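Inspection log for the structure reproduced underneath, given as structure tokens.
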Amino acid sequence: MNEFLNVALPKGRLGERVYKMFAQAGFPCDELLDPKRKLIFENPEAGVRYFWVKPSDVPVYVERGAADVGVAGKDILLEYQPDIYELLDLNVGKCRMCVAAPNGFRDDPDRTLRVATEFPRIARTYYGARSRDIDIIRLHGSIEIAPILDLTDVIVDIVETGTTLRENDLSPIETIVPISARLISNKVSFQFKHESIQRLYDDLKAQVEAKAKEEAAK
Ligand code: PRP
């Protein structure tokens, strides 16, 4: 029986880039890149079915087994700590989790630090390790506005090019952790669909290594 490998991809630019790696690894389904609003696609010949999901939902689909494998940012994995296997660093979607503050900000260690973030667990772990007293305000986007309006003192957020910070008169003050996209697998699927997951893993790993070599030679 030709069993499908179910793949949850993060909707957006990163997902499209990762899809190309999956296609090259022998799991093509070009209909996926059609600019329509369909969210599920399958290619029976290649034995693959893809779904586009919100990036932060990928681990939910994979943990619950609705998807066998998926691609999620390390930020999402650190924040939600899903019970999945993290198989491979795909070395794409690279950015960093940072603390950022208004230009010229000086921390007063005697005061509780007010922190705006979409990543409360990451922020709590980071400041907890430094025994810093904080008050977390959880937001769901446009985090950069919080210190401008004096809702908080700092933000904990993803920085890629740094443009969003610069345009809002903020500067990164500490890097918490580097981030990149990871191949993840459902634990049961990893046993029962081992052959196709292994084939996918081996090819993606070869692609990542080839690209790293190419970059090192530049
Ligand atoms: C992320 C992040 C920053 C921005 C950083 O937001 O929250 O706002 O990217 O990128 P830059 O350093 O290249 O400017 P995203 O666009 O993912 O949307 P979000 O605000 O909904 O999280």
Boolean, GLU160 is touching a Phe, Trp or Tyr at 6+ places or on another chain (Cβ under 7 Å) and within 19 Å of VAL177 (Cβ to Cβ): no
For PHE41: the one exception among (1) open to solvent by 40 Å² or more (accessible area, probe 1.4 Å); (2) over 27 Å from GLU209 (Cα atoms): (1)
Failed item in (1) buried (at least 16 other Cβ atoms within 10 Å of the Cβ); (2) outside the structural domain of LEU204 (by TED's automatic domain parsing); (3) within 16 Å of the ligand (Cβ to nearest atom), with ARG114 passing the rest: (3)
Some residue of the stretch 81-88 being within 30 Å of GLU167 (Cα to Cα) and of a type outside the set (S, T, N, Q): no
Of all residues making up the stretch 121-140, the number that are within 14 Å of the ligand (Cβ to nearest atom) and surrounded by 14 or more Cβ atoms within 10 Å (Cβ to Cβ): 3
Subset of the stretch 141-168 [open to solvent by less than 30 Å² (accessible area, probe 1.4 Å) and more than 8 Å from the ligand (Cβ to nearest atom)]: ALA146, PRO147, THR152, ASP153, VAL154, ILE155, VAL156
Residues (touching a residue at least 12 places away in the same chain (Cβ under 8 Å), more than 30 Å from TYR201 (Cβ to Cβ) and not aromatic (Phe, Trp, Tyr)) located in the stretch 89-110: CYS98, VAL99, ALA100, ALA101, PRO102, ASN103, ASP107, PRO109
Candidates ASP169, ASP203 - the one that is on the phi > 0 side of the Ramachandran plot and either over 22 Å from the mean Cα position of the chain (by Cα) or in the same structural domain as VAL18 (by TED's automatic domain parsing) (or both): ASP169
Count of the stretch 110-135 residues which are farther than 14 Å from GLU79 by Cα and either in contact with a Lys or Arg (Cβ under 7 Å, 6 or more places away or on another chain) or basic (Lys, Arg) (or both): 6
Single match in GLU86, GLU79 (criterion: in contact (Cβ under 8 Å) with a residue 24 or more places away in the chain, within 20 Å of GLU118 (Cα to Cα), touching a helix residue (DSSP H, G or I) at 6+ places or on another chain (Cβ under 7 Å) and surrounded by fewer than 21 Cβ atoms within 10 Å (Cβ to Cβ)): GLU79
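The values are calculated or read from the model by the stated rules, or taken from the named source; none is laboratory data. Just so it is clear, the structure is predicted and the values come from calculations on it, not from any experiment. Virtual Cβ from ideal backbone geometry, glycine too; neighbours counted across all protein chains shown. Side chains included, ligands, DNA and RNA excluded: accessible areas come from the protein's heavy atoms. Shrake-Rupley method; radii C 1.70, N 1.55, O 1.52, S 1.80 Å.
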